[in-house]
1. Within the set of pairs 6 or more residues apart or between chains, which connect a residue that is under 22 Å from B:ALA92 (Cα atoms) and away from chain A (no Cβ under 11 Å) inside the range B:6-18 to a residue that is assigned to a helix (DSSP H, G or I) and open to solvent by 20 Å² or more (accessible area, probe 1.4 Å) with Cβ atoms less than 9 Å apart?
2. So, in the range B:191-236, exactly how many residues are in contact with a helix residue (DSSP H, G or I) (Cβ under 6 Å, 6 or more places away or on another chain), in a helix (DSSP H, G or I), within 20 Å of B:GLN162 (Cβ to Cβ) and of a type in the set (Val, Ile, Thr)?
3. Among the residues of the range B:80-96, is any charged (D, E, K, R), in contact with a Ser or Thr (Cβ under 6 Å, 6 or more places away or on another chain) and within 23 Å of B:GLN19 (Cβ to Cβ)?
4. Give me a count of the residues in the range B:222-243 that are surrounded by fewer than 16 Cβ atoms within 10 Å (Cβ to Cβ) and over 20 Å from the mean Cα position of the chain (by Cα).
5. Just wondering, is there one or more residues in the range A:192-201 that are surrounded by 14 or more Cβ atoms within 10 Å (Cβ to Cβ), touching a Leu at 6+ places or on another chain (Cβ under 7 Å) and among the hydroxyl-bearing types (Ser, Thr, Tyr)?
6. So the check is Cβ under 6 Å with 6+ separation or different chains; which pairs have a first residue in the range A:217-231 that's modelled with pLDDT of 95 or more and a second one that's of a type in the set (Phe, Trp, Tyr)?
7. Considering the range B:126-142 alone, what residues qualify as being open to solvent by less than 60 Å² (accessible area, probe 1.4 Å) and either within 14 Å of chain A (Cβ to nearest Cβ) or among the small types (Gly, Ala, Ser) (or both)?
8. Looking for whichever is of a type in the set (S, T, N, Q) and open to solvent by less than 10 Å² (accessible area, probe 1.4 Å) here; the options are B:THR26, B:THR7, B:THR13. Which one fits?
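The values are calculated or read from the model by the stated rules, or taken from the named source; none is laboratory data. The model shown is predicted, which means the values in this text are computed figures rather than measured ones. All Cβ positions, glycine included, derive from the backbone under ideal geometry; neighbour counts span all protein chains shown. Remember, those area values only see protein heavy atoms, side chains included, never the ligands or the DNA or RNA. Shrake-Rupley method; radii C 1.70, N 1.55, O 1.52, S 1.80 Å.
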There are 2 protein chains.
Amino acid sequence: MKRIMLTVAYDGTNYHGWQIQKNGETIEGVLNRCLSELLQENIEVIGASRTDSGVHALGNVAVFDTNSRIPAEKFPYALNARLPEDIKVRCAREVAPDFHPRHCESRKTYEYRIYNAPFPMPVKRLYSYFSYTPYDIEKMREAAAYFVGTHDFHSFCSADAQVESTVRQVDEVTIEKKDEEIIIRVTGRGFLYNMVRIMAGTLMEVGRGHRMPENIPEILEAKDRSAAGTTAPACGLTLIKIQYEV
Amino acid sequence: MKRIMLTVAYDGTNYHGWQIQKNGETIEGVLNRCLSELLQENIEVIGASRTDSGVHALGNVAVFDTNSRIPAEKFPYALNARLPEDIKVRCAREVAPDFHPRHCESRKTYEYRIYNAPFPMPVKRLYSYFSYTPYDIEKMREAAAYFVGTHDFHSFCSADAQVESTVRQVDEVTIEKKDEEIIIRVTGRGFLYNMVRIMAGTLMEVGRGHRMPENIPEILEAKDRSAAGTTAPACGLTLIKIQYEV
């Protein structure tokens, strides 16, 4: 028995998120089915980030155990031939049998993209959130700086999440303006449910002048979801990469 | 009666190209229907570039005549409310009644994108052509330089095209490598049927070492479609902009 780690990329548009559920196709469900068919074993992957419905990934991580003799590096070829066009494996390698993608220390990087122009752009619609209002990028950068560090992100966690602690460490938040796109890039050690989307929604409110950068500390202190901004739409969010310290 | 010029952006994935046809939805067909409904007149647009099935546009151009009193600059708002998500109008302005988007002098810019990595990337699949083989960008640039100028592009025109002359002027061809994408950008004064896709297909063969940059002049001189490379797939092609000298 060996444990294989996959780096998985997907277009989340047509999926009900990562995690298996009764109604609707999920990334996890498709991976389990394709792996089980390929290996003729009952395979159940463990995912690193259980991304929401409509969220994309360039590099989510999943592990599974198998008795197969297929060398790890051959898995992308064998799997991609079975996977649909909107889910592909980019890399596979063997890891320690006790490696758990959610319990091991990691740094995750997400990007939230806003297509900011007078009218929507069809080729951008699936991977960014369209908004025609002007944004003050400098103000957004000032606000973003308050997120960096170890804070209680209770206000930035969807109410229905059940977690022991809402304290998380954010390493970096950058905001880049590239042609007509605004890209919010967040790196941290684990995120709460909807945390990046609520951060993005709140930063957008700052950019539009509806909140001040200096409001961020009091929103954090409130430890109340209603103190923060709206949850930005899923299509703008992409999980870029997950780095493990192993 | 006045003539309105629209700048139109679309994701060509789900359309049978620009030009109206009996079977299948087209960009022209959708524009005619939405404009006719909006204005309660029988509107037939004239397009600048009749892009193929699956080709995208950030800025194609279309004109139409109307008796409507709606100011030109209001058209994007009124039309976008009726248009599907994958077709949007970015700009509208009144032009001279004799302005014809195909007969007036213009410079068109196209981009052909290749996603060049060991495995396909789902979020890139709709707007680029996936290829895992290595490309020699310098060789592609050397080859591209031979296209610049006024040449008979007969070898780069699909056989079934009926045109008076196959002489065209190419102003610029650049090849950029950006992360895992290779972007071939072509600017010229009018293009033959499939010309940019055959140029892209031929440049890719040079990049893979199957042809030499020095072969381009003899391919041009052959004036024979079979002398050039394959027609690169439609999904990688995007019409970026059309500039008129008026």
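1. B:GLY17/B:GLU28; B:TRP18/B:GLU28
2. The total comes to 1.
3. Within the range B:80-96, one or more residues are charged (D, E, K, R), in contact with a Ser or Thr (Cβ under 6 Å, 6 or more places away or on another chain) and within 23 Å of B:GLN19 (Cβ to Cβ).
4. 4
5. no
6. A:PRO217/A:TYR146; A:ALA228/A:PHE156
7. Within the range B:126-142, B:LEU126, B:TYR127, B:SER128, B:SER131 meet the criteria.
8. Unique residue meeting the criteria: B:THR26.
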